[in-house]
Amino acid sequence: MRMLRRCLPLLLVGLLVTWSCGAIDGGSRGTGITSTVQGVVLMVESPSDQQNSVQGIRVRVKGHSAKSITGEGVFHVQGNFSGHLTVLFIRKSDGLHASLGIYLPSGGTLTLNGVGIDGAAGTAVANSADVDFVGEITQVDCVGQTLTMLSANRPPGDMDTYLVRLNTSSIVDSQGNTLACSALRNGEDAHVRGTVESDGSFGNATIVIE
């Protein structure tokens, strides 16, 4: 198990480089929008598998047909999904079936770090999660230190909003110059890379105004 923990991060880096350099099909929702859920399953507790192996686990997004690559606990799923979703972790050999709820901006990438699966309870939990997306600012609250955003890559009718916390984040322009909250305007696009907080908001982010 110690060897597995050491090798998985290296495997994840290698696979993510491969996926980022490879061809990604467009056409999701008919608009060329593709969202991504990826990460690593680090631990499995299964009553039917005493070795608690991560081998053979398939990952998909409930209710969606999506491309999935899974190996040695590392997974990468792409498709036409966004908003409130359920990620399923399934293994036929021992009947493992667990779920994890997420909230993903359209066209964005969510990375689930250190996923632990409880086979008896049918649940999965990530140690942490990172988000990467381009959003359109719809509300600036400098007093409350938040931005409300829509996905800039949303399909027609998608009005899901996402809250970004400024008190733990930094704001820069495309040249890397620091910006104050007062400089932000509704309608501007921003590239957000941050972490998912326990309440579903995004924090500890780098926000690049485009």
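Read-outs: derived from the displayed coordinates by stated rules, not from any lab. For clarity, every value in this text was computed on a predicted model and none was experimentally measured. As a convention, Cβ positions derive from the backbone with ideal geometry for all residues, glycine included, and neighbour counts pool all protein chains shown.
Set the Förster distance to 35 Å, then compute FRET efficiency between GLN55 and ASP199 from the Cβ-Cβ distance, nearest 0.05. About 0.55, to the nearest 0.05. Couplings 3J(HN,Hα) for the stretch 164-171, derived from phi with the Karplus relation 6.51 cos²θ - 1.76 cosθ + 1.60 (θ = phi - 60°), are 10, 8, 7, 5, 10, 10, 10, 10 Hz, where x marks Gly and Pro.
Charge tally around THR109: other residues with Cβ under 11 Å, Lys/Arg +1 each, Asp/Glu -1 each, net -1. Per residue, the average separation of C-alpha pairs within less than 8 Å and at least 6 apart gives the stretch 131-209 a relative contact order of 36 percent.
Enumerate the calculated ³J(HN,Hα) couplings along the stretch 89-100 in order (Karplus 6.51 cos²θ - 1.76 cosθ + 1.60, θ = phi - 60°), each rounded to whole Hz, writing x wherever the residue is Gly or Pro. Each residue's phi maps through the Karplus curve to give 10, 10, 9, 6, 4, 10, x, 4, 8, 9, 9, 9 Hz.
Summarising the amide proton neighbourhood of GLY108: residues at separation of 5 or more, or on other chains, whose placed amide H is nearer than 5 Å comprise THR36.
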